[in-house]
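Colleague: This is the structure I have questions about; it appears just below.
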């Protein structure tokens, strides 16, 4: 069974089928989209069931020759880092499809097709164990996202989408140059042989910077984050969800898959830079989020702050080793980073869907246009409050687990790091709860809010499913941690070993 | 060199050229006798002749190993064989795209086809040239045919102007080429590229280097490398679009072969010198081509600057100075031609009489007016921007790869940065076509099913070659050893 290949190509094939069906047969196209996304998710479940949690090696491996001249192969596999992200991708696409069911008016078939093709490409990014194949999917993904924001986006969509494309393209091109450099030295493109390739400190530094350009833009880290608020605000709801839930995770995934194991010495040397940038993201971007007038923009800035925890958790490992002198508990930061990625994927996706629900009714994202939504939409308000609390890291929700682990890990490293990181519990609560206060609670603000109708069955289903998963991971994160554990142990070993020849 | 008797065996490798000469004569006669009424006949005949030419080439012109003919002035090898087949295909596709365009403007004359075929003959001569004289013969045959083609729409002032510019500047470049060749000949005493390859060594005399400089200038002019690119935007913009399509595609094969045969083979002994010269030219070309393209408002002119930028990448393949590098340049050239065919094909189909569809604004909302043309154009643009899964990505990857292999760190950085700059203006076209609303008053594009299918196949080829790049990469590597 080529499960991973099916996961990649089934949605892409469905996307092509929908494009061929075209706009006149949109009713059929919608069901094809839904069935394909459901099927992809169902096919991803056996991966969890049959995943061997006793090894850090790649599983469900597939390998076919692709370009013999470059020793590049169509090589797929998942380990404890990529498996949760694959399942997350397959899961999040379903609400995106359902949420757009009748909402998208212009060219709906192409909208569904774009998201399905996106899904296949994103799963490809997480599954590829060949660097060239990884890059192939990584870049190809830009095309559907570029079109999604550009065609279905808001008034400033053209500016936002071109900015998004060029930022990511700029970072990626230098990553490509670095990958080719390592290919020239290693003789093939498999990520494993890059990880085994001895590199001098100078080489590692340059490659690290090239990777940093690519991944920091994607995460996004301060100061290359400015594309994200624009892209989020202008993107249609589905685009925002996919951006926040999956595409941002690729940056974090890149650090864990490429930077740390391939460039351990440069990572050790430059870890303070990354930690500093992460803490700036956590603290400064938290303040920026506080003053936003636009709901989507506020959640976008909140995403940047939360992704700061991912990079902090990933690079805190060297500080832990330095201050404790051992590997005991060094992986805790990475555990936290991984949980944070999954959890943020769910929560930010859910929050963007909530904004989408409001936007579909009022066609405004301005916080000032709302107030007292709870009076007319009680069920919706319950969901939104739940996701907002999860976003602030309330114990019992998935948001708590990741942030807690990262703060704990940074406490092991240095008290001041953890203090700064922990302030996010305050800023996060400030901007999220203030948002809730202004939008959801209070008296009905105006006639348009008074005319709102509560969520319909479709919206209830989407938000309900996300709420269940957020709570599930919050109260019982053990299975997720168990899947990740061996891989993260292995990753810590790789990250602290020197590769200088 | 002993005289070889003219037998069938000794002539067979040159069949493509001989066939073309015969075809030109036949078509010229046929056109005269067909008269004004049956214009379509010449076009159909030409397409048949091109198909026949490809068949004849496959049947007779394939040589098991490198063969030298005509007292050392002509070489037949695998590279020439494949490039000639590609030449037949590219010209045929180009003519197919151009037909409706020419007909609507009343310039569908037999002479157009005859000139196209003589230009193709020039390309073939260049591709198979093995002496300085044959090189010059090919360059001139190609250039003179193209000058006439640029001026073909004789009622158009701008066409005549650009033909004049092209002719004057082209003559200067030809002069430079001939001057450089005369120096090399005077100092080495031979015209044969094979003998030059053994005579010219590094370090060379000052005279050889002087000759080399003139030859590099001529090659740079023909390819359109900065600072010898001035003619290119004017000619691309001023020529009838069908001629722009021709100039932008098939001759690039010839100029690739010119650089390959002349610099890497004949003057291979001076690789250190010319690769440094080309490195400077390549960087200038990349920067000027990409940056100036951003401010263009005319699509043909923008594509001309995009051509210049792409020439920069092709030159970088030569800068590497290794067979790997030359094969990367060949791959880039072929990929570039595929994209140029498609993008000028879209312009041809989008334009009608009195509406040249050459301004960027003419492409606003093209998606709504004609989804197929917009889709094809979008694929072309993503491909030249170097975004996977399209084949343009592999072309750029190959160039980066050979530059790393030859330790050209800064060239990698510059070309990577410039490919991001390039992405901007390619994206702008997609933005116009897909994100903007269409104006009301533009005439509908040409709906000719066969041509549209060809355009669709052209675009699909980008995707197929992008997902499965190995065969073409292997072919290019095999052709250059």
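Colleague: Kindly establish whether residue B:465 is at the interface with chain A (Cβ under 9 Å from one of its Cβ atoms) and part of a helix (DSSP H, G or I). Explain how you work it out, then say what you get.
Modeller: Values: at the interface with chain A (Cβ under 9 Å from one of its Cβ atoms): no; part of a helix (DSSP H, G or I): yes.
In short, no.
Colleague: Taking the conditions exactly as written (modelled with pLDDT under 85 and crowded, with 17+ Cβ neighbours inside 10 Å), does residue B:34 satisfy them or not? Lay out the reasoning, then the answer.
Modeller: Values: modelled with pLDDT under 85: yes; crowded, with 17+ Cβ neighbours inside 10 Å: no.
Criteria not met by residue B:34.
Colleague: Please work out which residue is farthest from residue B:398 (Cα to Cα), limiting yourself to the range B:308-326 and to residues that are in contact with a helix residue (DSSP H, G or I) (Cβ under 6 Å, 6 or more places away or on another chain) and surrounded by fewer than 24 Cβ atoms within 10 Å (Cβ to Cβ).
Modeller: The selected residue is B:321.
Colleague: A follow-up question, please. When you go through (1) crowded, with 24+ Cβ neighbours inside 10 Å; (2) more than 28 Å from residue B:468 (Cβ to Cβ); (3) at the interface with chain A (Cβ under 10 Å from one of its Cβ atoms) one by one for residue B:390, which number turns out not to apply?
Modeller: (2)
Colleague: Residues that are buried (at least 23 other Cβ atoms within 10 Å of the Cβ), under 21 Å from residue A:112 (Cα atoms) and at the interface with another protein chain (Cβ under 10 Å from one of its Cβ atoms): does the range A:219-232 have at least one?
Modeller: No, that holds for no residue.
Colleague: So which of B:429, B:457 is more than 10 Å from every other protein chain (Cβ to nearest Cβ), at pLDDT 90 or above and surrounded by fewer than 20 Cβ atoms within 10 Å (Cβ to Cβ)?
Modeller: None of the others qualify; the one that does is B:457.
Colleague: Answer yes or no as to whether residue A:184 is surrounded by fewer than 22 Cβ atoms within 10 Å (Cβ to Cβ), facing chain B (nearest Cβ under 10 Å) and either assigned to a helix (DSSP H, G or I) or touching a strand residue (DSSP E or B) at 6+ places or on another chain (Cβ under 6 Å) (or both). Talk me through it step by step, then tell me what you get.
Modeller: Working: surrounded by fewer than 22 Cβ atoms within 10 Å (Cβ to Cβ): yes; facing chain B (nearest Cβ under 10 Å): yes; either assigned to a helix (DSSP H, G or I) or touching a strand residue (DSSP E or B) at 6+ places or on another chain (Cβ under 6 Å) (or both): yes.
The answer is yes for residue A:184.
Colleague: Within the range B:397-413, identify whether any single residue is under 18 Å from residue A:167 (Cα atoms), in contact (Cβ under 8 Å) with a residue 24 or more places away in the chain and at the interface with chain A (Cβ under 9 Å from one of its Cβ atoms), and answer yes or no. Break it down stepwise before answering.
Modeller: Initially, the range B:397-413 is screened for residues under 18 Å from residue A:167 (Cα atoms), giving B:413.
Keeping just the survivors that are in contact (Cβ under 8 Å) with a residue 24 or more places away in the chain gives none.
Taking every residue of the range B:397-413 in turn, none turns out to be under 18 Å from residue A:167 (Cα atoms), in contact (Cβ under 8 Å) with a residue 24 or more places away in the chain and at the interface with chain A (Cβ under 9 Å from one of its Cβ atoms).
Colleague: Taking into account only those residues within the range A:187-204 that are away from chain B (no Cβ under 12 Å) and within 17 Å of residue B:404 (Cα to Cα), which is farthest from the chain's Cα centre (by Cα)?
Modeller: Filtering the range A:187-204 for residues away from chain B (no Cβ under 12 Å) gives A:188, A:190-201, A:204.
Next, from what is left, pick out any that are within 17 Å of residue B:404 (Cα to Cα): A:188, A:194, A:197, A:199-200, A:204.
Working: A:188: 29, A:194: 24, A:197: 29, A:199: 30, A:200: 32, A:204: 26 Å.
Checked the range A:187-204; the qualifying residue farthest from the chain's Cα centre (by Cα) is A:200.
Colleague: So how many residues does the range B:285-307 have that are surrounded by fewer than 20 Cβ atoms within 10 Å (Cβ to Cβ) and within 30 Å of residue B:188 (Cβ to Cβ)?
Modeller: Number satisfying all stated conditions: 0.
Colleague: I would also like to ask the following. When you scan the range A:67-121, how many residues do you find that are within 14 Å of chain B (Cβ to nearest Cβ) and under 21 Å from the mean Cα position of the chain (by Cα)?
Modeller: In the first step, residues of the range A:67-121 are kept if they are within 14 Å of chain B (Cβ to nearest Cβ); the result is A:67-74, A:106-107, A:109-111, A:113-114, A:117-118, A:120-121.
Retained after the next criterion (residues that are under 21 Å from the mean Cα position of the chain (by Cα)): A:111, A:113-114, A:117-118, A:120-121.
Residues in the range A:67-121 being within 14 Å of chain B (Cβ to nearest Cβ) and under 21 Å from the mean Cα position of the chain (by Cα): 7 in total.
Colleague: Let me ask something additional. Which of the following residues is part of a loop (DSSP other than H, G, I, E, B) and touching a helix residue (DSSP H, G or I) at 6+ places or on another chain (Cβ under 8 Å): A:232, A:225, A:306? Quick ask: steps written out before the conclusion?
Modeller: Working: A:232 fails: part of a loop (DSSP other than H, G, I, E, B); A:306 fails: part of a loop (DSSP other than H, G, I, E, B).
Only one candidate passes the filter, namely A:225.
Colleague: I've got another one for you. Among the residues of the range B:190-212, which ones are surrounded by fewer than 17 Cβ atoms within 10 Å (Cβ to Cβ) and assigned to a loop (DSSP other than H, G, I, E, B)?
Modeller: B:201, B:202, B:203, B:205
Colleague: In this structure, is residue A:164 without any contact (Cβ under 8 Å) to a residue 24 or more places away in the chain and farther than 19 Å from residue A:256 by Cα? Spell out how you get there, then give the answer.
Modeller: Values: without any contact (Cβ under 8 Å) to a residue 24 or more places away in the chain: no; farther than 19 Å from residue A:256 by Cα: yes.
Answer is no for this residue.
Colleague: Listed residues A:120, A:80, A:124; which is buried (at least 22 other Cβ atoms within 10 Å of the Cβ) and either in contact with a strand residue (DSSP E or B) (Cβ under 7 Å, 6 or more places away or on another chain) or not in a helix (DSSP H, G or I) (or both)? Steps first, answer last, please.
Modeller: Details: A:120 fails: either in contact with a strand residue (DSSP E or B) (Cβ under 7 Å, 6 or more places away or on another chain) or not in a helix (DSSP H, G or I) (or both); A:124 fails: either in contact with a strand residue (DSSP E or B) (Cβ under 7 Å, 6 or more places away or on another chain) or not in a helix (DSSP H, G or I) (or both).
Among A:120, A:80, A:124, only A:80 is buried (at least 22 other Cβ atoms within 10 Å of the Cβ) and either in contact with a strand residue (DSSP E or B) (Cβ under 7 Å, 6 or more places away or on another chain) or not in a helix (DSSP H, G or I) (or both).
Colleague: Is it fair to say residue B:363 is buried (at least 22 other Cβ atoms within 10 Å of the Cβ), at negative phi, more than 11 Å from chain A (Cβ to nearest Cβ) and at pLDDT below 90? I'd like the intermediate steps shown before the answer.
Modeller: Working: buried (at least 22 other Cβ atoms within 10 Å of the Cβ): yes; at negative phi: yes; more than 11 Å from chain A (Cβ to nearest Cβ): yes; at pLDDT below 90: yes.
Yes, satisfied.
Colleague: For residues that are part of a helix (DSSP H, G or I), within 9 Å of chain B (Cβ to nearest Cβ) and more than 10 Å from residue A:118 (Cα to Cα), tally how many sit in the range A:138-153.
Modeller: If we filter the range A:138-153 for residues that are part of a helix (DSSP H, G or I), which is where we start, we get A:138-140, A:142-152.
Those left that are additionally within 9 Å of chain B (Cβ to nearest Cβ): A:138-140, A:142-143, A:146-147, A:150-151.
This time we only want the ones that are more than 10 Å from residue A:118 (Cα to Cα), so: A:138-139, A:146-147, A:150-151.
Total satisfying the criteria: 6.
The values are calculated or read from the model by the stated rules, or taken from the named source; none is laboratory data. Owing to the predicted nature of the structure, the values given are computational and were not obtained by experimental measurement. Glycine gets a Cβ as well: all are built from the backbone with ideal geometry, and neighbour counts include every protein chain shown.
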